[in-house]
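Read the figures in this text as sums done on the coordinates, not as results from a lab. What you see is a predicted model; the values in this text were computed from it and never measured. Cβ placement follows ideal geometry from the backbone for every residue including glycine, while neighbour counts extend to all protein chains displayed.
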Amino acid sequence: MLSICIPIHNFDVRSLIEDLLSQGNKLAVPFELILIDDCSEERFKNINKFSCEKASYIELDKNIGRSKIRNLFLEYAQFENLLFLDCDSIICKSDFLEIYVQQILKGTYNVICGGRIYPEKCPARNKSLSWKYGSLIESKNEVERSNSHNNSFMSNNFMIKKVVFLKVKFDESIVTYGHEDTLFGIELDLRNLKVYHIYNPILNGDIELNHVFLLKTEESIINLNIIYKKHNYDNSFAKNVLLINFYLKLKSKKLIHIVDFFFYLCKYPIKFLLKQGLINLKLFNFYKLGFFSSIQKNQSK
């Protein structure tokens, strides 16, 4: 009935495993829990070892990345419904698995996203960028996510039929961090496979330090540009990505040079403010736009 698939990399998953096994053992349908460790540090392997032994557990001796490891679960999952969760997930609903089983029994879905929420209070100022962006931008309810079905796809908490996943896999050429889920949602859309959104969130259990979140943001934008180039700068791809879409609109109106000018002047002061936890999301969005535009300029030289 249900294969729960969790890729692990350098994270303590003991509580997550215990919560899932506790809920799973109460289900009236068969389930399995599959864990694949993507070459974590030894200290995390040692921390997780006992709990992982209670499930199907595979250790990789080489890191293969966020896309390829998700596709790898197809080799191990025995059931026709695959539930993917990030290893930093916290189960915050006592009927979390039961809600997904109910969706399976309805028999009408291809892909379902359950959503993600963040702690009500910011854990610390040095984590305020990740928390504020997640709380105000990423943590959307099912109605908001349904307004842009496939564009709202996120890989941290979703269920997919195996027959669908065999047709639409994560792009394994994406080996660095970021936007593999953006591309996956677009690929589903191209095949007229609509993502169905429900309220069945996990709690984000890893609020990152400001400087780490900012670095990952830059990595994800670099990755986004790689994907954009791979699609040969296709407008149908660009219109589905807010950052690229906005960049192209400014470029068409010959306004992007203004962004470039102010980004050149303010890049490092903005980075300093964001790292210090002096968070303004409009300023953060400007930084992302300027960073993306700077990549385009460097490519055209």
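Points to keep in mind about this one:
- Shape parameters for the chain, alpha-carbon atoms, Rg then Dmax in Å: 19.8, 61
- Over the chain, DSSP H runs of length four or greater, each weighted -39,500 (n - 2.57), average out per residue to a 222 nm ellipticity of -14500 deg cm²/dmol.
- Kirkwood hydrodynamic radius over Cα pairs of the range 142-199, then Stokes diffusion coefficient at 20 °C and 1.002 mPa s, in µm²/s: 180
- Building the convex hull from the alpha-carbon atoms of the range 1-107 and averaging its projection over directions returns 6.4 nm².
- Extending 7 Å from the Cα toward the beta-carbon at both residue 239 and residue 58 defines two label points whose distance is 3.9 nm.
- Dipole in debye (nearest 20) - the chain, about Cα centre, beta carbon charges: Lys, Arg +1; Asp, Glu -1: 1460
- Once the Cα-Cα distance is subtracted from the 0.36 nm per residue extended length, the residue 75 to residue 50 segment shows a gain of 6.7 nm.
- Nearest 10 degrees, 0 to 90: helix 256-275 Cα axis against the chain principal axis: 60
- Highest mean packing comes first when the peptides 242-252, 109-119 are listed by Cβ atoms within 10 Å, giving 109-119, 242-252.
- Once Rg and the Kirkwood radius are both taken over the C-alpha atoms of the range 211-300, their ratio Rg/Rh works out to 0.96.
- Each DSSP beta bridge with both residues in the range 2-208 is either parallel or antiparallel, and the antiparallel ones are about 35%.
- Segment residue 280-residue 164, extension gain: residue separation times 0.36 nm, minus the distance between their alpha carbons: 37.8 nm
- Computed from Cα atoms, the angle from the helix 281-300 axis to the main principal axis of the chain rounds to 70 degrees.
- Selection of chymotrypsin sites (Phe, Trp or Tyr not before Pro), the range 128-180, meeting DSSP coil and at most 16 other Cβ within 10 Å: 177
- Angle in degrees between helix 14-24 and the longest Cα principal axis of the chain, rounded to the nearest 10: 50
- Added length on full extension, which subtracts the Cα-Cα distance from 0.36 nm per residue, residue 177 to residue 199: 5.3 nm
- Of 105, 20, 83, the one that fluctuates the most in a GNM where the chain has Cα springs shorter than 10 Å: 105
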